[in-house]
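Please read the structure below before turning to the comments.
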Amino acid sequence: MAQQENTKHNSSKHNKKHGTTPHGPTLRRTLRREAPSTVGLLVDKEDFAAMRRYRTFPFDDHTAYLHQVEGLLKALAAQGMHTTIALFDPEDYAEFCAESGLDADTGASRSRFTAEIAAAGATVAYSGQRLTDVIPLLVSRAVRQATWEYATLLLADLGACADCGQDIGRAAFDRASHLLMRLLETAGPGAHHLVCSTPTENDQLLAVLHTHRDTTGPARLDTSEGAEFATVLAVAIALESPGGVVLRTSAPDSPDRVHGWRLAHGTLAPLTAGEVFNAYCTDAETGEPVSPESGVEYSAGFDIGADPAERHH
């Protein structure tokens, strides 16, 4: 026992002298738990098939791949690690490798790309939820981000007004933000679900916003969702395209109310109750009628009291 104590004492002096501790592995495990992890996910079979052309990609079955990913996520969560899931797009990956001069057929390149998309792309924090619940949320966030980026580029490319020199995109965004705030202020208390849609030359832009307002105080909304909504609305304003906004309000002990507006001359013009009903009860893709929901009131849009819009040419 005496020899053991002396050995431990000498070992302790040696460790202190060389700047180490006898608990190095434990400390490294602690640091590992505090180092965030990111998992790039191939959500559909087409993306998975595209990655199979790389020799170093180790999977040959998408279902088995998803099962392995879910097992990895659960293992990381069990270790107390913060993990985010990012959408892995094979086309973006190939482009990234070509621009960066990387060999796409290596695990290191896949890892580097995953880190890049986690920093700038759509992600979902993993907290133990099922992967089948994560995938729709991840795809939805990726679509939202792509929509916002496309709408932002559209506004940036419009340049300055030939008459007044004002930046058209910035002016449209300011106008859209004003309309959104007036709409939320006028809508009153309740849980509000807003949808803004407008066609462009290449796509149909769609933005969704969820807010809640108590009987007192302003509406509470997610800042990023608000910016995305205002950007899509700004595109409709700047391009003078036939945009529209639908508001659905839920409140305790009352039926849901649906209101609608069309964009006209830089402001939101209320739709009639019949127009709201037709818009809400028509399939957007087929044009076929859809049965109205029970317990929902389809009402005319209301005047939001917005200031007159300035015109730019």
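The values are calculated or read from the model by the stated rules, or taken from the named source; none is laboratory data. Since this is a predicted model, take the numbers as computed values, not measurements. Every residue, glycine as well, gets a Cβ built from its backbone with ideal geometry; the counts of neighbours run over all protein chains shown. Areas reflect the complete protein model, heavy atoms only, side chains present, ligands, DNA and RNA absent. Shrake-Rupley method; radii C 1.70, N 1.55, O 1.52, S 1.80 Å.
Annotations for the structure displayed:
- Restricting attention to the range 33-57 and to residues that are of a type outside the set (S, T, N, Q) and touching an Asp or Glu at 6+ places or on another chain (Cβ under 6 Å), the residue that is least open to solvent (accessible area, probe 1.4 Å) turns out to be TYR54.
- Only one of PRO218, PRO252, PRO289 that is under 26 Å from the mean Cα position of the chain (by Cα) and free of Cβ contacts under 8 Å to residues at least 40 places away in the same chain: PRO218
- Residue match in the range 287-302 (condition: of a type in the set (D, E, K, R) and modelled with pLDDT of 90 or more): yes
- Strands (runs of 3 or more DSSP E) fully within the range 184-283 counting 1 or more residues that are open to solvent by less than 70 Å² (accessible area, probe 1.4 Å) and more than 13 Å from GLY301 (Cα to Cα): 190-199, 204-213, 244-250, 256-264
- Candidate set: the range 116-138, residues that are open to solvent by 60 Å² or more (accessible area, probe 1.4 Å) and touching a residue at least 24 places away in the same chain (Cβ under 8 Å); chosen: the one farthest from ALA227 (Cα to Cα): ARG130
- Every condition in (1) assigned to a helix (DSSP H, G or I); (2) open to solvent by 20 Å² or more (accessible area, probe 1.4 Å); (3) touching a helix residue (DSSP H, G or I) at 6+ places or on another chain (Cβ under 7 Å) holds for VAL69 except the one numbered (2).
- Candidates ASP60, ASP105: the one that is in a loop (DSSP other than H, G, I, E, B), open to solvent by 40 Å² or more (accessible area, probe 1.4 Å) and among the acidic types (Asp, Glu) is ASP60.
- Residue check, GLU149 among the acidic types (Asp, Glu), in a helix (DSSP H, G or I) and free of Cβ contacts under 8 Å to residues at least 24 places away in the same chain: yes
- Of all residues in the range 155-183, those satisfying the criterion of being surrounded by 20 or more Cβ atoms within 10 Å (Cβ to Cβ) and out of contact with any Lys or Arg (no Cβ under 9 Å at 6 or more places or on another chain) are ILE168, GLY169, ALA171, ALA172, PHE173, ARG175, ALA176, LEU179, LEU180, LEU183.
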